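First up is the structure itself, then whatever we jot down about it.
The values are calculated or read from the model by the stated rules, or taken from the named source; none is laboratory data. Since we're looking at a predicted model, the values are computed, not measured. Here the Cβ positions follow ideal geometry from the backbone for every residue, glycine too, while neighbour counts run over all protein chains shown. Each accessible area value is taken on the protein alone, full model and side chains, heavy atoms only, with ligands, DNA and RNA left out. Shrake-Rupley method; radii C 1.70, N 1.55, O 1.52, S 1.80 Å.
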Amino acid sequence: MSENQNTRDNRAEYRQDTVMAHEYDGIKEFDNRLPNWWMWIMWGSMIFALGYWLVFQTLHLRPESQEQFAIAQQKAQEAQLARAAAQGLDNNFLVMMSQTASKVAEGREIFVKHCVACHLDKGQGLVGPNLTDGVWIHGCEPMLMLKTVTDGVPAKGMPAWQNQLGPTRVQAVVSYVMTLKNTNVPGKAPEGQPCQF
Ligand code: HEC
């Protein structure tokens with residue numbers, strides 16, 4: 001390549017890359033066209049972000065990963081509970097139920113509908129005893145609680161819930177009551193015997 005040719009090529013490049021008007025301490029800046037690969041990445045990311053935002057956050061066509069995780073966790077808990085149920089109804093089963101969020105939530109709904117009139121919203125007691133302390137009349141062992149709620153204590157004003165709720169809903173509400181134990185909400189004075197489980 002002759003020297004002449006070289007100079008011309010350089011000039012052609014200069015024509016393509018406009019030098020910007022500003023200059024700092026002799027440093028000039030080219031106004032280059034951005035490379036195609038860079039533009040592809042930029043537009044690609046923007047389109048991807050728009051799609052992601054629409055699908056996951058605006059239209060909720062698919063659950064986000066935390067939601068997917070919560071759903072999977074709930075299914076796993078329920079499957080574990082179903083396996084435990086097959087072994088029979090015992091304290092362990094009820095403890096497991098009281099650790100299964102969906103069952104506790106179901107129990108909470110039943111409690112709000114049927115129990116708050118006598119035990120109040122937080123279980124702090126009114127006509128019925130405070131369910132949030134560590135002192136129990138009929139025992140705090142899960143199977144004893146289940147018996148109290150199933151059969152009631154008619155002579156003392158605690159209705160039997162067996163017929164009205166059926167066994168599975170009684171189990172759910174007991175699992176919720178188990179979560180109230182030892183939350184110590186100020187309310188009705190303790191009645192019964194200190195109980196550890
Ligand atoms: C009409 C009022 C009333 C309603 C409604 C009621 N209870 Fe009771 N509950 C009582 C009374 C009164 C006692 C205390 C019984 C006793 O002194 O032996 C009691 C006792 C209990 C106990 C035993 C507490 C202990 O210290 O051993 C549990 C558990 C309980 N109730 C749960 C429930 C649940 C769950 C519901 C709703 C499904 C419910 N109760 C609805 C009045 C009620």
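Can you pull the semi-axes for segment 90-197, root of five times each eigenvalue of the Cα gyration tensor, sorted largest first, whole Å? Numbers along the way, then the final one.
Numbers: eigenvalues 66, 48, 38 Å².
Those come to 18, 16, 14 Å.
If we count trypsin sites (Lys or Arg not before Pro) as exposed when they sit in a DSSP loop and have at most 16 other beta carbons within 10 Å, what is the longest stretch of the chain that avoids them all?
Values: sites that count: 33, 122.
Longest run free of exposed loop sites: 34-121.
So what's the back-of-envelope 222 nm ellipticity for the chain, counting only DSSP H runs of four-plus at -39500 (n - 2.57) apiece and dividing by all residues, rounded to 500? Intermediate results must be reported in sequence, preceding the final value.
Details: 9 runs with 108 residues, N = 197.
Per the formula, -17000 deg cm²/dmol.
Would you mind counting up the charge near residue 20? Only other residues with Cβ under 9 Å from its Cβ, with Lys and Arg at +1 and Asp and Glu at -1. Spell out each step's value before the answer.
Numbers: positive: 28; negative: 23, 29, 31.
Overall, the nearby charge balance is -2.
Carbon and sulfur together cover what percent of the accessible area of the chain at a 1.4 Å probe radius? Could you put the intermediate results ahead of the total?
On the way: 8040 of 13930 Å².
On the chain, the fraction of accessible area on carbon and sulfur atoms equals 58 percent.
So with the 1.4 Å probe, I'd like the accessible area per residue for segment 138-197, rounded to whole Å².
Details: 3510 Å² over 60 residues.
So segment 138-197 comes to 59 Å² accessible per residue, rounded to a whole number.
For residue 71, what is the net charge nearby, where nearby means another residue's Cβ is under 14 Å from its Cβ and Lys, Arg count +1, Asp, Glu -1? Can you show the working numbers first?
On the way: positive: 62, 75; negative: 64, 67, 78.
Neighbourhood net charge equals -1.
Could you give the radius of gyration (one decimal) and Dmax (whole number) of the Cα atoms in the chain, in Å?
Using the Cα atoms of the chain, the pair Rg, Dmax is 34.5, 115 Å.
Ranked from the most accessible area to the least, with a 1.4 Å probe and all protein chains present, what is the order of 30, 197, 56, 93? Display every interim value, and only then the final one.
Details: 30 95, 197 120, 56 45, 93 15 Å².
Heavy-atom accessible area, descending, gives 197, 30, 56, 93.
When only C-alpha pairs under 8 Å and at least 6 residues apart count, what is the relative contact order of the chain, in percent? List each step's numbers first, then the result.
Working: 207 pairs, mean separation 37.7, N = 197.
Reported relative contact order: 19 percent.
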